[in-house]
Amino acid sequence: MRALLLENIHPEANRLLEERSIEVSTARGAMDEDELIEALQGVDLLGIRSKTQLTARVFAETRLTAVGAFCIGTNQIDLDAASRAGTPVFNAPFSNTRSVVELAIAEIIAMARHLTDKNASLHAGVWDKSAKGSHEVRGRTLGIVGYGNIGSQLSVVAEALGMQVYFYDVVDKLALGNARRCDSLEELLSKVETVSLHVDGRPGNAGLFGAEQFDQMRPRSLFLNLCRGIVVDHEALRERLLSGHIAGAAVDVFPTEPKSAGDPFVSSLQGIPNVILTPHVGGSTEEAQIDIGRFVAGKLRDYAATGATVMSVNLPSVQIDDQVPHARILHLHRNVPGVLARLNTVLGNHQVNIDRQVLSTRGELGYVVTDVASPLPAPMIEELVALPETVRLTTIGC
Ligand SMILES: NC(=O)c1ccc[n+]([C@@H]2O[C@H](COP(=O)([O-])OP(=O)(O)OC[C@H]3O[C@@H](n4cnc5c(N)ncnc54)[C@H](O)[C@@H]3O)[C@@H](O)[C@H]2O)c1
C-alpha cells in the first residue's frame, strides 16, 4: 500500500503507517486539484489538513482506499463524493480541543490586560505603567457561541478562573458546571462582555457574525474567533474596533488564508490596538499534532488492515476484530432491502461458509464485513462486484 501525506502532518503518522509496511511519501504544502489528481495515481491512503480541497473530481479520477483529515473540520472534503466512491474519511475530532481552549483563555486574559500593546510599547522603549482599562477576568461574563467539544471545554476552564459562562448552541446541549444556556444569539450578546465563537464550518454559518451582531454586543466587549474565518465579517469588526465599540479582538482564522507557511498575509484587522492576530494556530501545539498524527494514522491503518470504519465521518460504522481468520470481504452497498440475502446467496452458491458477519447502515449506505474460513474464489468476487447495489468491494486475506 502507498500513502501520501500533505501539509506537514506530524511524523508520528509516518511511523504508525510504516510500522504496517505502508510506503509513505510526504509534501509540506497543499496541492491544487490537477496537481493532486496527478500525485494520487497509485496512492491508496491520503492524509491532508485543512488547506487541501478534495472535490468530486478528485474522487472520480483517483482510487483512494481511505482519506485521513489530520484536523477537526472536514468541510474541505466533498463527503458525498467520498461516499459515492466508497472511500471512508477519518478525522481527529478531539485531539486539539484543549489546545484551542488554552489559546482562547490566554487571549481573553491578554486582551483584558492589554498585554500585546504593553509589550509592544516596552519593546519600543515606552514605560506605560498604568492600570487604566486593565481588568481581571474573574467575575466577568463570557458568552460561548457553539457548545461543542471546544466550546464546552472552554466553559469548564473559564469557570475555573471565576468567569460566569453563558452559551448559545443551535442544538440543546447539557450545560456544564454553572454555565447558563441562552435561547438565542441575541440573548447571549446582550448578557456578556466577552464573546467567543466555536461553531462548526457548515455552509449556513458563513456570515453568521456581522454588523448586526457586533452592534448587539455590549459596548467595550471583547471578541474572539478561533473557529472558521467565513463566520465573521471582518470589515464590520474593523469598524467597531476603530470606533471603540469592541475593545479588543483575537482572531485566529480568516476568510482566505495563505496556502503555505511564509506566504504573504493581508487583513483589514492589521495594525489595530488590542487586536491579536494568529495564523490559524489554535489547535497547533506539539501535543495536539502528535495526538492527531497518531489518532488519524491509526484509523487509516486499522481500516486498511481490518476494514474497521469506527468514527469515519461518512461511512457506516463497523468495529471488527484485528484478527482476520482466513479472508474478509468488505462490501459497501446501497442501503436497500435484500442486499444481505443476495450477498449470502452468492457466497452459498460458491460453497463459502461464513464465520462471522457484521452489518451497519448509515443513510443511503450499508456496510457488511464478512469473515470466511476458506479461500475466496475469483468468480464469486466478480459476482459480488456485479451486484447492482455494490458501491465498493474490498477483500483482505486470500
Ligand atoms: N483555530 C484552530 O486551529 C481550530 C482548531 C480546532 C477546531 N477549530 C474549529 O473550531 C470549531 C469548533 O470545533 P468543535 O470540535 O468544538 O466542533 P463541534 O462540532 O464539537 O461543535 C460545534 C458546535 O457548534 C454548534 N453550532 C453550529 N452552528 C451553530 C450556530 N449557528 N449557532 C450556535 N451553535 C452552532 C453545533 O451544534 C456544535 O455544538 C470548528 O469550526 C473547528 O473547525 C479551529
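The values are calculated or read from the model by the stated rules, or taken from the named source; none is laboratory data. Everything numeric here is computed off the predicted structure, so don't read it as measured data. Note that we place each Cβ from the backbone using ideal geometry, even for glycine, and neighbour counts take in every protein chain shown. When the accessible area is computed, the model is the full protein with side chains, heavy atoms only, and any ligands, DNA or RNA have been set aside. Shrake-Rupley method; radii C 1.70, N 1.55, O 1.52, S 1.80 Å.
Of all residues in the stretch 111-151, those satisfying the criterion of being open to solvent by less than 20 Å² (accessible area, probe 1.4 Å), under 30 Å from E286 (Cβ atoms) and within 16 Å of the ligand (Cβ to nearest atom) are L142, I144, V145, G146, Y147, G151. Residue count for the stretch 83-110 satisfying the condition of being away from the ligand (no atom under 14 Å from the Cβ) and closer than 30 Å to L330 by Cα: 8.
Among residues of the stretch 58-84 that are farther than 23 Å from N14 by Cα, those with a Cβ under 7 angstrom from a residue that is small (G, A, S) and modelled with pLDDT under 95, sequence gap 6+ or separate chain, pair up as N75/G201. When residues in the stretch 308-320 are screened for being open to solvent by less than 50 Å² (accessible area, probe 1.4 Å) and within 22 Å of the chain's Cα centre (by Cα), 9 of them pass. One residue stands out in the stretch 224-240 among those that are open to solvent by less than 60 Å² (accessible area, probe 1.4 Å) and of a type in the set (V, I, T): the one that is nearest to the ligand (Cβ to nearest atom), namely V231. Taking the stretch 178-223 as the range and being more than 13 Å from the ligand (Cβ to nearest atom) and on the phi > 0 side of the Ramachandran plot as the test, only R220 passes. Scan the stretch 165-177 and tell me whether some residue there is modelled with pLDDT of 95 or more, among the charged types (D, E, K, R), within 16 Å of the ligand (Cβ to nearest atom) and closer than 25 Å to G283 by Cα. Yes. Buried (at least 24 other Cβ atoms within 10 Å of the Cβ), touching a residue at least 60 places away in the same chain (Cβ under 8 Å) and over 30 Å from I144 (Cβ atoms): does that describe G47? For G47, the condition - buried (at least 24 other Cβ atoms within 10 Å of the Cβ), touching a residue at least 60 places away in the same chain (Cβ under 8 Å) and over 30 Å from I144 (Cβ atoms) - is met. Kindly evaluate R113 against the criterion of being among the basic types (K, R), closer than 30 Å to L4 by Cβ and at pLDDT 95 or above. It is false that R113 is among the basic types (K, R), closer than 30 Å to L4 by Cβ and at pLDDT 95 or above. Against the conditions (1) touching a Phe, Trp or Tyr at 6+ places or on another chain (Cβ under 8 Å); (2) surrounded by 20 or more Cβ atoms within 10 Å (Cβ to Cβ); (3) closer than 26 Å to E364 by Cβ, I77 satisfies every one except (1). In the stretch 321-347, which residues are under 13 Å from V385 (Cα atoms) and either open to solvent by less than 50 Å² (accessible area, probe 1.4 Å) or not in a strand (DSSP E or B) (or both)? Scanning the stretch 321-347 gives I329, L330, H331, L332, H333, V339, R342, L343, V346, L347. If you take the residues of the stretch 91-110 that are charged (D, E, K, R) and open to solvent by 80 Å² or more (accessible area, probe 1.4 Å), which of them is farthest from the chain's Cα centre (by Cα)? So, considering only residues that are charged (D, E, K, R) and open to solvent by 80 Å² or more (accessible area, probe 1.4 Å), the one farthest from the chain's Cα centre (by Cα) is E102. For the stretch 77-86, the criterion of being among the hydrophobic types (A, V, I, L, M, F, W, C) and under 22 Å from E257 (Cβ atoms) is met by at least one residue.
Summed over the stretch 276-298, residues that are closer than 28 Å to D252 by Cα and either away from the ligand (no atom under 16 Å from the Cβ) or within 15 Å of the chain's Cα centre (by Cα) (or both) total 14.
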